[in-house]
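Asker: Structure incoming, see below.
The values are calculated or read from the model by the stated rules, or taken from the named source; none is laboratory data. Only a predicted model underlies this, so the values are computations on that prediction, with no experimental measurement involved. So basically every Cβ, Gly included, is an ideal-geometry build from the backbone, and we count neighbours across all protein chains shown.
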Amino acid sequence: METVRELYRIGRGPSSSHTMGPARAARMYRDRHPEISRFRVTLYGSLAATGKGHLTDTAVREEMAPADVEIIWQPDVTLPQHPNGMRFEVLSEKGEPADGWTVFSIGGGAIRDESQLNDPPESPYPFTRMDDILGWCSDTGTALWEYVYQHEPGNLSDFLKTTWVAMQAAVSRGLQAEGRLPGPLGLSRRAASCYMKSINATDAVRSQGLPAAYALAASEENAAGGLVVTAPTCGSCGVLPAVLRYLQEVYSLSIERIHRALATAGLIGNLIKTNASISGAEVGCQGEVGAACAMAAGAAAQLLGGSPGQVEYAAEMGLEHHLGLTCDPVGGYVQIPCIERNAVAAGRAIQCATLALLTDGRHHISFDEVVITMKETGLDMSVHYKETAESGLARHWLDSERRGRTRN
Ligand code: SF4
């Protein structure tokens, strides 16, 4: 299990796997060939199917500029190792390819080449299952966040501080912005209006409206290609900041407590990434928004005074009730259903934390079991529901567009 620095990444949206990962790979390949002026980049499978909506080609070209980049789209070819494959090649003056590098964007902005794909990443952590970590907490009388603080290398506090500042900035920008989001869907931003209506509403409405407004704000920033923090991905970047910001305001929580909550949320996301996947192209949206809900639910339970067992229970519920959630972004844009889904998941995360705290924490399905279930469900899921924008909502939207839909 890698450091949480690999989970929380600051970068431009709209997609960690389709924008941040390819941009990172392009930068690395370009740095290997600073003298080359022509490249060819072939995008396979999901990267090609929804790459245009995710601005994959733009991100790659920007990183390799001023070189000339030929992009080959291969949506019908999925490399056996991972659905998000890409191949970089240099092109000679005669257009002959050389020095091919096949690399995969495995979710959350991380990339692996063929040689690294099956190697377990270096881990600063002795345990990579929640049950073992809970045992460690019980034996040492510590909390889950302390497991992260004790094992992360380097200055974790500085990293979490930077992460929280960037998350807050994305929410704040999103609350100020108005107008249409980029792309052909014609979707209007709703965060600012949701926020204003919420602060003037009854307590009951406000308690649901504010977390929703914050989640919409960060997710709309992501959809607009703004700077966000993967938590654990770009598409699910609104859930955790929304829940933490809302609880911080309501309970006047110190910044140190927010940082500890970020550590625990990072641990939960890391466990899902290590033992299942956080890639929508691999396991559907249960691995993105489902994982984000688990992270936020666990963090919320901790902030509200929960024991490690109650934190685990909240995280388990956050993921369990997203099992089977498909990924079908309309038009290939991280907008519908993604933005609204973040708002709904933020509310659900608070519900999961509340429910865990209202019990003694005992439950029948463990977090580790639900993580494995999520992985198996994702592997069984039809490829059409894993970030291809070919089925589900995406297909029905396309059918309506062809018939000449009237939008409301
Ligand atoms: S549906 Fe979920 S997994 Fe798919 S792009 Fe949207 S947020 Fe990501």
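So that you can scan it fast, the table gives a plain yes or no per residue for (1) buried (at least 24 other Cβ atoms within 10 Å of the Cβ); (2) under 18 Å from the mean Cα position of the chain (by Cα):
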position	(1), (2)
Y214	yes, yes
I255	no, no
A261	yes, yes
T274	no, yes
A292	yes, yes
G305	no, no
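Asker: At pLDDT 95 or above, within 16 Å of the ligand (Cβ to nearest atom) and under 26 Å from I258 (Cβ atoms): does that describe A291?
Answerer: yes
Asker: I'd like to verify a number: residues in segment 378-408 that are at pLDDT 80 or above, β-branched (V, I, T) and outside any helix (DSSP H, G or I), how many?
Answerer: So the answer is 0.
Asker: Which condition from (1) under 18 Å from M295 (Cα atoms); (2) within 16 Å of the ligand (Cβ to nearest atom); (3) over 17 Å from the mean Cα position of the chain (by Cα) is the one that L325 breaks?
Answerer: All conditions are met except number (3).
Asker: Would you mind telling me which numbered condition in (1) touching a His at 6+ places or on another chain (Cβ under 8 Å); (2) without any contact (Cβ under 8 Å) to a residue 40 or more places away in the chain D31 fails?
Answerer: For D31, the exception is condition (1).
Asker: Sticking with this one: Residues in segment 188-213 that are at pLDDT 95 or above and not in a helix (DSSP H, G or I): how many?
Answerer: Looking only at that region, the number is 5.
Asker: Looking only at residues in segment 328-346 that are more than 8 Å from the ligand (Cβ to nearest atom) and of a type in the set (A, V, I, L, M, F, W, C), which one is farthest from the chain's Cα centre (by Cα)?
Answerer: Ranking the qualifying residues of segment 328-346, first place goes to V330.
Asker: Looking at the structure I just gave you, is N155 within 16 Å of the ligand (Cβ to nearest atom) and not hydrophobic (A, V, I, L, M, F, W, C)?
Answerer: Considered against the rule, which asks whether it is within 16 Å of the ligand (Cβ to nearest atom) and not hydrophobic (A, V, I, L, M, F, W, C), N155 comes out as no.
Asker: Scan segment 335-345 and give yes if some residue there is closer than 19 Å to L303 by Cα and either of a type in the set (A, V, I, L, M, F, W, C) or crowded, with 24+ Cβ neighbours inside 10 Å (or both), otherwise no. Steps first, answer last, please.
Answerer: First, the residues of segment 335-345 that are closer than 19 Å to L303 by Cα: 345.
Adding the requirement that they be either of a type in the set (A, V, I, L, M, F, W, C) or crowded, with 24+ Cβ neighbours inside 10 Å (or both) leaves 345.
For segment 335-345, residues closer than 19 Å to L303 by Cα and either of a type in the set (A, V, I, L, M, F, W, C) or crowded, with 24+ Cβ neighbours inside 10 Å (or both): present.
Asker: Where residues in segment 273-288 are in a loop (DSSP other than H, G, I, E, B) and of a type in the set (S, T, Y), which of them is farthest from the ligand (Cβ to nearest atom)?
Answerer: Looking at the filtered set, the residue picked out is S277.
Asker: For segment 233-272, what are the residues that are of a type outside the set (S, T, Y) and either at pLDDT below 95 or within 11 Å of the ligand (Cβ to nearest atom) (or both)?
Answerer: C234, G235, C237, G238, V239
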